[in-house]
Amino acid sequence: MSLRESWFIARARHRFAMTPECALLLPGVCAALADPRQPCSDDTCLEKLLDWFRVLTRFDPTVNLVQDNPCLTELITSVLALPEPSPSILSFTLRLAGILAASETRFQHLQQEQLLLRLFGRDGPLNSALWEDASVRSGWVAGVHSMVHHQPALRFLCNGGGIDVIFTLQGDPSLFVASAASQLLVHVLTFSVESETTKPLSTTDCDWPACAQMIIKHIEDSLQSSSASHIEQSLKLLTGLFDSCRAMWTKVLWLCIAKQIKSFLTEETVQAQHMLANLLLKMAWSPVFSDTEGSFWALVTSALEHLTPVQAGPLAVGVLRLYKCPQDVRMQALTVLLQPMDCILRAASQPLEYAGLLDESVSDPTTVESLLSSKSSCASLLCQTLAHLEQLLSLIHLHVDLPYASLLRSLMAILQFCNGFLSPASPLGSTISRILINCLRVQKSALDVLAALSERKGCDALIGSLFDVLLAYLESPNTSPTVLKKAFQATSKWLVRLQGPSCSNSQRQQTEKILEDVFLVLQKRLCSPSWEVRDSSLEFLTVLIKYLRDQDEFRQSLLSSEVPRLTENLLEDPESYVRASAVTAVGHLAFITYFAPESPVVGSQYNKENTVAKLQEILSTDSEGFPRRAVINIFTKWLRQGCTGQLEDTEQFVSRVIQIVEHDLDWEVRLGGLELVEVFCSKTICQLGHPTCPYAPVLSTVTSSIHQNESLQIFCRAKLFGFLFRSLCDCDKPLGQRACDILLCLKSNFYPFGTVEDSQGIEDSPPGPSIAWLQRTLRQGSLAQNFPTEGGNGVDFQDPESMMLALGTVGLEDLHDELNRCSDHVEKSPQSLLRDILATVGTVEENEADCY
Amino acid sequence: MKLYCLSGHPTLPCNVLKFKSTTIMLDCGLDMTSTLNFLPLPLVQSPRLSKLPGWVLKDGSTFLDKELKECSGHVFVDSVPEFCLPETELLDLSTVDVILISNYHCMMALPYITEYTGFTGTVYATEPTVQIGRLLMEELVNSIERVPKAQSASMWKNKEVQRLLPAPLKDAVEVSMWRKCYTMPEVNAALSKIQLVGYSQKIELFGAVQVTPLSSGYALGSSNWIIQSHYEKVSYVSGSSLLTTHPQPMDQASLKNSDVLILTGLTQIPTANPDGMVGEFCSNLAMTVRNGGNVLVPCYPSGVIYDLLECLYQYIDSAGLSNVPFYFISPVANSSLEFSQIFAEWLCHNKQTKVYLPEPPFPHAELIQTNKLKHYPSIHGDFSNDFKQPCVVFTGHPSLRFGDVVHFMELWGKSSLNTVIFTEPDFSYLDALAPYQPLAMKCVYCPIDTRLNFIQVSKLLKEVQPLHVVCPEQYTQPPPTQSHRTDLMIDCQPPPMSYRRAEVLTLPYKRRYEKIEIMPELADSLVPLEIKPGISLATVSAVLHTKDNKHVLQLPPKPPQPPTSKKRKRVSDDVPECKPLKPLLSGSIPVDQFVQTLEKHGFSDVKVEDTAKGHIVLLQEAETLIQIEEDSTHIICDNDEPLRVKLRDLVLKFLQKF
């Protein structure tokens, strides 16, 4: 162990050691827990207690904990002595004992006390009536899992017949217990192999340690048995093993069972196929099997061929995400994913109209066709395939080329099947069309993939027909609001793509036509009686403006439509979500209308000033929080983008907004106000050219101090400081933190590095009653109180000198630390937990700690 | 059981069911699509319409130019609009016993049937159906009568002439049967034949069948009908809806176990979901009004308009349309709005509960109170003083051929700011608009049809499981314009039987049982004899008395007393003469024992032969044969009656009597 490591451990041990206060409380707690007359503590408390013991024992393998606190062993003894302990206490005891026995010394100590055998051995709860309770079995498994971290524990388990118990628990009726048992076996097997083998294992010289031998034998036997549940358990175990352990010996193990597993793919009698995909996927991720030479990949290929499309789908998508994988396996995986899409395309189009996605010679479509023609499987197969394709398309680096154009055609066919717009050209097509009509799940999944596809190249020839499909969805009154939202998302993505730089004349005309149609339908949707539709329409508009506001065609189409006027109307919508979205949309619209150089606003009921006034009115009078939050966010956005300068005096604007928001009841609005202040401060400082601003010219110290002075005066005039200092004491902590950050930032501006020390003179001179009051108030206020009413004690927040002094003298750094400390640091402490347990059993009269 | 199909229109049905000696007409719908071939009737002289050129044949003949006018490539009859009646020749309609009406849209042909065919029966309908049906008829008569036409075109109907006309006139069916609108006295006479019924009320028809109306969920008072006897059940489903709009929900459970289910009146626009269409309606309305345009909604004075007004009530404030006036113009507007509020028991549960609160069931009352919705009997009078634009006008008729809507089409058609929104699904909106072309105003088609769609039908059929389904042929194939939509047809097993206009269907159901009552005194006299465990038999001798399709077994009359006087009673003439009853025999004759018995009684030369059906016992000396078979025994001997009687008695010893 290096010096640094031992130092770290020593520090950790010290940090997480038991405090004397806790040591005093612990016996009482243990006694209470073991007392059957006391009401059982709630499970959360017991869990927290176990967490604490885990922390206590993690860095301290010594026996001290149990020796110094005999109450712990007494607790175990007394629980064991109880004729009928409650299952939750027994489970707790099992897990506690496991945690304690995780180190060899403490294990020995507990062994000497004869406790472990009575807990985990044949004579323990294992053979009592309490074993019927799943929580007891779960405690037993958890206890053993914690304990088996050293040889004596492993021997204790293997020699005492514990392994057989775990084998049985694999098939436990409680899924939690069964899964924990499976994980425990993985742990025991790994631990046994890694701690007990002296030389590397190989297929020729395969001398498994005794415990591992038992487990491997069990796996082999189960795999060969005719019981589906046994096979399933072993496959689960192997899946867990290959997922968590990447050591070379796993390959040796694999070679012992590979043949058996291969047979599952082809044997119809064994229903284990559904487990195989997951197993193979976990193996594929393990570097042990990534060797392209091995027979493993042949097995994967065979699985992709033999499993049903639904079973093989997750394996296929997993394989395609792998970095190291033979190309032919990738192609096979791709075939699995594309086959349903291919089938759709063939069913939808005339023979020979389009080449399918796949070469017919490599794929046999009969299975997929039969799945797609069945009402029960069609939608689920398609949704799964589409979800997988979306996953693939979201990858930046795809190691295979997807036939994007055909994929798009197939997606369009699905969408048209779903809205009944496609006359199928084949009997299969008629069947699929009948099943898919009005299927919302498939529509949503297909639109997701369509959106993801917009980022891929090679579909330009289909743009016209693609927008026909999308517009049909946007226009149709039968489109459900959720599908409409997805259709909007896909449309916006494709519109953004359309506006690429390399546009020919004809493409431009096409784009103009599409935009015209889109705004026509948007116009109608903005008047929809369903608020969800109005809301998603506004969000759609905002996204479009965000990405396309620099494009001439877009601006022209938008401004020549009725959309801007209708959007402004929605600022008065009765639904608050819609008002909020309208605020955001109008805010973005302003970038094109009022803030654009040419500003060609036509026919709007609002002009620039009216819009600002309208938004300010919403900020001060709207009864709901969402629209007000939206307004403050838009104002901040405007300020950040430098648009407010054209409005009027930015300073006055900010000042007015701050006065509106500082008394807002919604903390997020106030937080938005602080954000606005932050942007304003940095903009002002930047504009006035303080040297800390990287883009500003370097100025001499003299000019710098003048500018400091100027910016300070601006901030004072804008009444920033009152808001900032008051926010320090805000009952919602994020505001205090944010205000403190801003003030610290201002301090560093006005007192550049080292100048506070230089200006000790300021601190030495008495700060005056008002600043002293501020300091005092802040010290108290940061704990609980709210800031008293303005100017109550003569602090003039608009006086630059006082504020300069305040920045220098108020201990902002300490405040910062205090605000950032977790508010429940007191309540989270182990003392508090112990007291809490004692309180619930009524042994402590005075309960000082507040536990929430 | 036979079904006579008198109408080819699937949502305006008129069928006659012959079932157990009753003749029941199911609905009496009037196909008004024929009016689309006529020019509109303008309330105010329309220079445009009066200047339309007469139609000239290809060869230049102008003999039809007074009757037919041409407008934007379409030819219209310049005459009073006429309607296509249900088939009247298929069976003698005077034999119809009753007419069952399912909703107010399906009774518009009633005066033609009750007043012109010698009909003497009764019509059954619910109260809202009658009241609202009367309003619809009143509006129809009023709209047509107030614009008298000087001429009446008939030349074009001549078969030879019709052949020369352009489509669709050329293809119009049975134009010779088209009739002008009825008059108010005829309406009143027809309605006086209606007897009001309530949901689930059982009505006996001549003791043969029982008919019961059930709520169908489509309109105020709309019903489906159950027609049943003791052993047969026919359900008539017409215009039903599962959506939660204003009427009472549909009663599906009572339709279970039908032998035959006649299914008509499904949605006419299966691809349009009513919710989406209402959204579309509101969006287009708001968009037009915000742009300063007027909105025209051609509609019936009752039905969907209530739901539309309710949606608008919720929508107008949110859409900032509070200041836009809504006008409802119809001669029956006031009655329609008021009637809807008083039919509490026919409304959905939600609205029923409002009756007990100090608020009316429909919110249009509030719209009227707050002056947002104003109603007028016609465009003349008060309306012209109050009229402000932009506004929204609801008025009839949806065919755009008569009613106040004609005026607004002429008034607003020239401006692209205005919009006409079609909500009624009964007429093709393009055909309706044809005589107004070229038209600048925007047209939006949002048909709102709340009747069952095919998915709902398939669920309904799975639920109620009728043995046979009978429906119009249109429902057994995809719509002609969307032949790939195989989901838009009825899919059930066995496949439905389809009918078309003027067809007679023999329904595939055979009657097998009839219920007969036994009088208590007669039942008392029966003595059942157990012949097998669990099966007892008794002979019944009684008189079968049949009256009003009810069958009763009564005690037979006592044997006639010797006449006390010489006068014979008249009553005894009717009673069949009653002979003493012979007992019925059962059991089988064991041949061996029978032979032994014969021998005991002195027949020594008994021979037995086996035959295919039994045995022959031969008494050689007496030259007598006894033929014993499973269900008969014959004694054949030559004129020796004492011997036959003796042998008969021996045979009877082996049989049970009761």
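Residues in region B:42-58 that are of a type outside the set (A, V, I, L, M, F, W, C) and part of a loop (DSSP other than H, G, I, E, B): B:Pro42, B:Gln45, B:Ser46, B:Lys51, B:Pro53, B:Lys58.
The set of residues from region B:302-316 being out of contact with any strand residue (DSSP E or B) (no Cβ under 8 Å at 6 or more places or on another chain), under 18 Å from B:Leu400 (Cβ atoms) and not small (Gly, Ala, Ser) comprises just one member, B:Val304.
If you go through region B:472-488 and keep only what is acidic (Asp, Glu) and either more than 22 Å from the chain's Cα centre (by Cα) or within 14 Å of chain A (Cβ to nearest Cβ) (or both), you end up with just B:Asp487. Restricting attention to region A:530-558, the residues being more than 14 Å from every other protein chain (Cβ to nearest Cβ) and touching a helix residue (DSSP H, G or I) at 6+ places or on another chain (Cβ under 7 Å) number 17. Taking the stated definitions as given, is B:Val464 of a type in the set (A, V, I, L, M), touching a helix residue (DSSP H, G or I) at 6+ places or on another chain (Cβ under 9 Å) and more than 14 Å from chain A (Cβ to nearest Cβ)? Criteria met by B:Val464. Taking the criterion of being of a type in the set (Lys, Arg) and either at pLDDT 95 or above or within 23 Å of B:Phe343 (Cα to Cα) (or both), the only residue of region B:123-173 that qualifies is B:Arg134.
Can you name the residue in region B:244-263 that is in contact with a Lys or Arg (Cβ under 7 Å, 6 or more places away or on another chain) and of a type outside the set (S, T, N, Q) and, of all such residues, is farthest from the other protein chains (Cβ to nearest Cβ)? Residue satisfying both the conditions and the ranking: B:Asp259. Here A:Arg565, A:Arg525 are screened, and the one residue that is part of a helix (DSSP H, G or I), within 11 Å of chain B (Cβ to nearest Cβ), in contact with a Ser or Thr (Cβ under 9 Å, 6 or more places away or on another chain) and crowded, with 20+ Cβ neighbours inside 10 Å is A:Arg525.
Could you check region A:214-249 and list, in sequence order, the residues that are in a helix (DSSP H, G or I) and surrounded by fewer than 16 Cβ atoms within 10 Å (Cβ to Cβ)? Let's see the steps before the verdict.
Narrowing region A:214-249 to residues in a helix (DSSP H, G or I): A:214-224, A:228-244, A:249.
Matches in region A:214-249: A:Lys217, A:Glu220, A:Asp221, A:Gln224, A:Ala228, A:Ser229, A:Ser244.
Pull up region B:420-456, narrow it to residues that are of a type in the set (Gly, Ala, Ser), surrounded by fewer than 24 Cβ atoms within 10 Å (Cβ to Cβ) and closer than 18 Å to B:Arg401 by Cβ, then point me to the one that is farthest from the other protein chains (Cβ to nearest Cβ). Per the stated criteria, the residue is B:Ala434. When region B:53-87 is limited to residues that are polar (S, T, N, Q) and at pLDDT below 90, the one that is farthest from B:Gln131 (Cα to Cα) turns out to be B:Ser61. Select, from A:Ala580, A:Ala585, the only residue that is in contact with a helix residue (DSSP H, G or I) (Cβ under 7 Å, 6 or more places away or on another chain), farther than 21 Å from A:Glu475 by Cβ, more than 14 Å from chain B (Cβ to nearest Cβ) and of a type outside the set (Ser, Thr, Tyr). The unique qualifying residue is A:Ala580. Filtering A:Phe53, A:Phe8 for residues that are in a helix (DSSP H, G or I), without any contact (Cβ under 8 Å) to a residue 12 or more places away in the chain, of a type in the set (Phe, Trp, Tyr) and out of contact with any Phe, Trp or Tyr (no Cβ under 7 Å at 6 or more places or on another chain) leaves a single hit, A:Phe8. Among the residues making up region A:420-436, a single one is surrounded by fewer than 22 Cβ atoms within 10 Å (Cβ to Cβ) and closer than 18 Å to A:Gln384 by Cα: A:Ile435. Candidates B:Cys311, B:Cys299: the one that is within 35 Å of the chain's Cα centre (by Cα) and surrounded by fewer than 20 Cβ atoms within 10 Å (Cβ to Cβ) is B:Cys311. Applying the criterion of being basic (Lys, Arg), part of a helix (DSSP H, G or I) and more than 22 Å from A:Val518 (Cα to Cα) to the residues of region A:433-483, the residue that is modelled with the lowest pLDDT is A:Arg434.
Is it true that A:Leu484 is within 14 Å of chain B (Cβ to nearest Cβ) and more than 27 Å from the chain's Cα centre (by Cα)? So A:Leu484 does not fit the description; no.
Considering only residues that are touching a Lys or Arg at 6+ places or on another chain (Cβ under 9 Å) and not acidic (Asp, Glu), look in region B:264-285 and name the one that is farthest from the other protein chains (Cβ to nearest Cβ). Going through the qualifying residues, I end up with B:Gly265. Of the set (1) touching a residue at least 24 places away in the same chain (Cβ under 8 Å); (2) farther than 22 Å from A:Val586 by Cα; (3) more than 14 Å from chain B (Cβ to nearest Cβ), all apply to A:Asn478 but (3).
Of everything in region A:408-446 that's of a type in the set (Lys, Arg) and over 14 Å from A:Ala487 (Cβ atoms), which residue is farthest from the other protein chains (Cβ to nearest Cβ)?
So the residue we want is A:Arg409.
Mind checking which residues of region B:286-316 are within 14 Å of chain A (Cβ to nearest Cβ) and more than 19 Å from B:Cys443 (Cβ to Cβ)?
B:Asp307, B:Leu309, B:Glu310, B:Cys311, B:Leu312, B:Tyr313, B:Gln314, B:Tyr315, B:Ile316, listed by residue number.
Being under 17 Å from the mean Cα position of the chain (by Cα), acidic (Asp, Glu) and assigned to a loop (DSSP other than H, G, I, E, B) is a condition met by at least one residue of region B:234-252. Return yes when A:Leu26 is modelled with pLDDT of 90 or more and under 19 Å from A:Gly139 (Cα atoms) and no when it is not. The answer is no for A:Leu26. Taking first residues from region B:317-337 that are more than 18 Å from B:Pro398 (Cβ to Cβ) and within 14 Å of chain A (Cβ to nearest Cβ) and partners that are assigned to a helix (DSSP H, G or I) and basic (Lys, Arg), no Cβ contact under 6 Å between residues at least 6 apart in sequence or on separate chains turns up.
Inclusion of B:Leu417 among residues that are aliphatic (A, V, I, L, M) and more than 14 Å from every other protein chain (Cβ to nearest Cβ) is not warranted.
The values are calculated or read from the model by the stated rules, or taken from the named source; none is laboratory data. What you see is a predicted model; the values in this text were computed from it and never measured. Here the Cβ is made from the backbone with ideal geometry for all residues, glycine too, and neighbour counts use every protein chain on show.
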